[in-house]
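The structure appears below as structure tokens.
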Amino acid sequence: MKKLLIAGILTSLLIFAGCASGANVSGGGASGSASASAEGFYGEITVTVTMEKGKIVKVEADGPGETAGIGSRALMILPAQMVAKNTVEVDVVGGATMTSDGIKDAARAAVAQIK
């Protein structure tokens, strides 16, 4: 009985997670590459987004002033998540909220340029 309950809960979570992923950036087949900047915790963060046919295929983030081991984690993790989830609306990295927000803001601006 517990196995059925757990299976039902997991299935429900997967369904809800699939519905929540509607924030992808599919730009109706938009392709191209663009860069934008936003403020991080310790200065400017620059993000370059590359899209092919409405899909995010590459994201690079550079924030040379961000704290090593904290902000630098967000600079590595968020771009990979954006590509994997095909959206710039990803969760922030714990302990690096301002850096994460800067990355997301710059990524949004870059995607807007491509669309």
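Among the residues of the stretch 65-75, is there at least one that is in contact (Cβ under 8 Å) with a residue 60 or more places away in the chain and farther than 13 Å from ILE103 by Cβ? Scanning the stretch 65-75, I find no residue that is in contact (Cβ under 8 Å) with a residue 60 or more places away in the chain and farther than 13 Å from ILE103 by Cβ, so the answer is no.
The set of residues in the stretch 84-115 being crowded, with 24+ Cβ neighbours inside 10 Å and in a helix (DSSP H, G or I) consists of THR99, SER100, GLY102, ILE103, ALA106, ALA107, ALA110. Residue count for the stretch 45-66 satisfying the condition of being buried (at least 17 other Cβ atoms within 10 Å of the Cβ) and either of a type in the set (S, T, N, Q) or assigned to a loop (DSSP other than H, G, I, E, B) (or both): 5. Those residues that are surrounded by fewer than 17 Cβ atoms within 10 Å (Cβ to Cβ) and either in a strand (DSSP E or B) or acidic (Asp, Glu) (or both), I need them from the stretch 35-44; list them, please. Scanning the stretch 35-44 gives SER35, GLU39, GLU44.
Each value in this text was obtained by applying a stated rule to the coordinates, not by laboratory testing. As the structure is a computational prediction, the values presented were derived from the model and not from experiment. A quick note on method: Cβ atoms are made from the backbone with ideal geometry, for glycine too, and the neighbour counts reach across all protein chains shown.
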